[in-house]
Amino acid sequence: MRVFHGFAELPHFEHPVITVGSYDGVHLGHQALIGRLVAEARAAGGESIVLTFDPHPRIALGRGGDLLLLTTLDEKIALLESLGVDNVIVIPFDRGFSALSGREFVEDYLIGRIGAETLVGGYNHRFGHDGLACDAPELARRLRIVRVDPCTVDGVRVSSTVIRRLLAAGDRTGAERLLGHPLPASVSLQCPGRESGNHTPEHAAKEPISGL
């Protein structure tokens, strides 16, 4: 797997199939989407590309507070590689980048610099400061759009937010069930947690979903 930092020296990609998101934790929902990304790329005879952010957008914009990241960048990259991704592009996220509109991001970066042909998005994927939906008609005219449905486990919609709530409640086992892999080392030391069997706290299921 190739890893690129920024857009300055990108190679030519063959029939790029892309997705964009923080992918913090690379949880079961992310894994389902990445699986579809890899399958679409293989079907097209192309390359799968994950665009992710560093630092996390909430941290870059000063809204992180005590946000617990579920993976370091290196841990995230290793997990993406294990899922068969061909390329990762790490976007250096800052206030300037956050000021882009969804259309600017798609036209100037996804199409202009990567040559994207297919976009794989989750149920709540949006781009730019104006929150352009990934299946907006203006994007559908420029890219082939593939939407992936939400992932649920025992009626709980999997998200990084819900996993953080489980960890805050001390439910390490429940968090790992939604992650679909052991808690990464960077988080494990901070969240010793408790054994909880298959229990998922009621409040976790009711938390609003924050997306990728």
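Some observations on this one:
- Qualifying residue in segment 107-115 (condition: of a type in the set (Lys, Arg), under 14 Å from the mean Cα position of the chain (by Cα) and within 21 Å of LEU37 (Cα to Cα)): no
- Residues that are of a type in the set (D, E, K, R) and within 20 Å of LEU73 (Cα to Cα) within segment 20-46 comprise just one, ASP24.
- The conditions of being surrounded by fewer than 21 Cβ atoms within 10 Å (Cβ to Cβ) and outside any strand (DSSP E or B) are not met by ARG164.
- Output for segment 121-150, where each listed residue is part of a strand (DSSP E or B) and either touching a Gly at 6+ places or on another chain (Cβ under 9 Å) or closer than 18 Å to THR161 by Cβ (or both): GLY121, ARG126, PHE127, LEU132, ALA133, ILE145, VAL146, ARG147
- Residues (without any contact (Cβ under 8 Å) to a residue 40 or more places away in the chain and surrounded by 16 or more Cβ atoms within 10 Å (Cβ to Cβ)) located in segment 108-122: ILE111
- Here segment 1-30 is the region considered, the condition is being surrounded by fewer than 22 Cβ atoms within 10 Å (Cβ to Cβ) and charged (D, E, K, R), and the residue that is nearest to ILE145 (Cα to Cα) is GLU14.
- Of everything listed in (1) within 30 Å of ARG177 (Cβ to Cβ); (2) surrounded by fewer than 16 Cβ atoms within 10 Å (Cβ to Cβ); (3) among the polar types (S, T, N, Q), the single unmet condition for THR52 is (2).
Any read-out appearing in this document is the output of simple, stated calculations on the displayed coordinates, not a laboratory observation. None of the values given here were measured: they were computed from a predicted structure. All Cβ positions, even for glycine, are placed from backbone atoms using ideal geometry, and neighbour counts span all protein chains on display.
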